[in-house]
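A short reminder: the numbers here are calculations on the coordinates, not readings from a lab. Computed from a predicted model, the values in this text were never measured in an experiment.
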Amino acid sequence: SDDMNVSGGSDDRVYILDNSPSSNVDTDGNDYYEYDAIVNGEIGTVSANSESIFDEVGLYSDIQYDSDEYVSDADLVSGTSDDDFKGWVDLYDTVITYSDGILSFVGYRGSSRSVDEDLVLADDYTIFFNDDGDGETMTASSLARDYDDAESCFTGHIYVFENDDDETQEIYVYEYDVDDSGSGGGGNPGPGAGGD
């Protein structure tokens, strides 16, 4: 999958694992920027014609391409108003539980940056974990086991892609450290708190 060729239109979805791309020049002399990414559910790379398009770690929709098949425009998923894409960023002290096909995120300390949400998982769901820029997959039960109580709360952000039956098909999880002031550290946490 590292060598996959991304093509298509605005139905594509791209999760940027690390917003520090490598800069390259193709055989036609075009500058492009290659990112480690998860593209349409496959871990690999994606290339853009500007380093300002994917300026934050997170899930992007409405992907557009130029004539050289480089991404020319994309929208970072924000909030939960979109039918297929949902984003909760800057989650703080959130407990994650799993039971009978439902993955639950519950704000433990009642922070305005936490979310109470139950996700009904599709039979073929995938959970992607962003491990400092490396994409890994995990099960719902293993994710919940890591963050299932007050001593091991989750702080970071999650993005969700749903199928046509409003079931959760893909979840993108990125944990980051919180400094003494309560702000994200050790990575780009994304653009503020999403709605629930």
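Length, then width, then depth: along the principal axes, the Cα atoms of the range 15-119 run 53, 24, 23 Å. Full extension of the chain between residue 23 and residue 42 yields a length gain of 4.6 nm, computed as 0.36 nm times the residue separation minus the alpha carbon distance.
Computed over all pairs of different Cα atoms, the Kirkwood value for the hydrodynamic radius of the range 49-180 is 15.6 Å.
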